[in-house]
Every structure is written in structure tokens, then in C-alpha cells.
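The values are calculated or read from the model by the stated rules, or taken from the named source; none is laboratory data. Being a predicted model, the structure only gives us computed values, none of them experimental. Virtual Cβ from ideal backbone geometry, glycine too; neighbours counted across all protein chains shown. With ligands, DNA and RNA removed, areas are computed over all heavy atoms of the protein, side chains included. Shrake-Rupley method; radii C 1.70, N 1.55, O 1.52, S 1.80 Å.
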Amino acid sequence: MRTAHIVASAAWLGGSLFYAFVLGPVLARMEEAHRVSPAIGLAFGQVVTASAWTLLATGAYLTFYRLSNQALGAPYALTLALKVALAVWMFLLAGALSRNRGKRRAALEGTGPVTRWRGLLPRVPTLILLLGLVVFLLSSILTAVYQSTSR
């Protein structure tokens, strides 16, 4: 379960890093970006969706499994609660991006009912990436605490 959780996390976070630092800048310089961006977004959206469902399933299992260890204590539980809250925020943001793809395009082009969000929309993927990095860090902390108390 832990391996599946890590692989799903790495797929989403790694894909986000690749998009932010490699693909995004290349697409920004391409004249034909408007033709390939929707296909890339759809393909990466499928990776994110599969990763999110895998993270939810494996995360639920790992949470119940690890919380059955009574020696972990309140700091572990609070760190876990923060991690889960940030992960849920990520999932909600990613879901909103996926559902509102057409509205986002209209806002970025300056048409449609959501033009007031034009400045915020390009920042949402960056926020998801930053949240993902924090969640990954919290996962490392939780693993270290779990391993130190389960010996």
C-alpha cells in the first residue's frame, strides 16, 4: 500500500514539476501551443485523476493501519490531520481545474463570465504544486515518526 501511495504521489508531483519547469515554458514559446495544450492537459488530467483515487484509497488504508499504533501520540495525529487537509485542498483545486477547463480558457482570453478570475487562474496549478511539495514533506516526517515508534 505504501509503495502504491508513493508512486501515485510521485506521478502527480513529478508531472506537476515537469509541467511547471519544462513543458509550461516550452509551450509559452510555441506558436502552436493552443493546438497541443488541450491534449496535454487531458492526458495529464487522467494521470492526476488516477493518482488522486490511488492516493485516497491507499491513504485511507495507511491512516487506519498507522493510527492503530497507540504509541504514535498527538503530534503524529496532528501532522497527519494537516497533511490530509492540505491533500484534500489539492484534490479540490485539481477537480475545479478539470471541471472548469472551458471557463478557464474563456477567462484567460478575456471573455466569458469568469474574467474577474483571470489573474488567479494561472496560479492555481502553482498552488497545487506547492501544496503537493508540503504534503510530500509531511509524509516524510510522518514516516520517520512512525518508523521510530514502531521499533
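Observations on the model:
- Residue pairs whose Cβ atoms lie under 8 Å apart, separated by 6 or more positions or on different chains, with the first residue in region 9-28 and under 16 Å from T49 (Cα atoms) and among the aromatic types (F, W, Y) and the second open to solvent by less than 40 Å² (accessible area, probe 1.4 Å) and at pLDDT 90 or above, are W12/S51; W12/A52; W12/L55; W12/G132.
- Hits in region 58-72 (condition: in contact (Cβ under 8 Å) with a residue 24 or more places away in the chain and surrounded by fewer than 15 Cβ atoms within 10 Å (Cβ to Cβ)): Y61, Y65, N69, A71
- Filter result (among the aliphatic types (A, V, I, L, M), surrounded by 14 or more Cβ atoms within 10 Å (Cβ to Cβ) and closer than 18 Å to S140 by Cα) within region 8-54: A8, A11, L13
- Against the test of being of a type in the set (V, I, T) and in contact (Cβ under 8 Å) with a residue 12 or more places away in the chain, the options T49, T3 yield a single qualifying residue, T49.
- Unmet criterion (only one of (1) open to solvent by 70 Å² or more (accessible area, probe 1.4 Å); (2) modelled with pLDDT under 85; (3) among the aliphatic types (A, V, I, L, M); (4) out of contact with any Lys or Arg (no Cβ under 9 Å at 6 or more places or on another chain)) for L78: (2)
- Residue ID - modelled with the lowest pLDDT, chosen from residues in region 81-101 that are open to solvent by less than 60 Å² (accessible area, probe 1.4 Å) and not small (G, A, S): N100
- Single residue of region 116-141 satisfying the filter (over 13 Å from the mean Cα position of the chain (by Cα), at pLDDT below 90 and open to solvent by less than 50 Å² (accessible area, probe 1.4 Å)) that is nearest to L97 (Cα to Cα): L121
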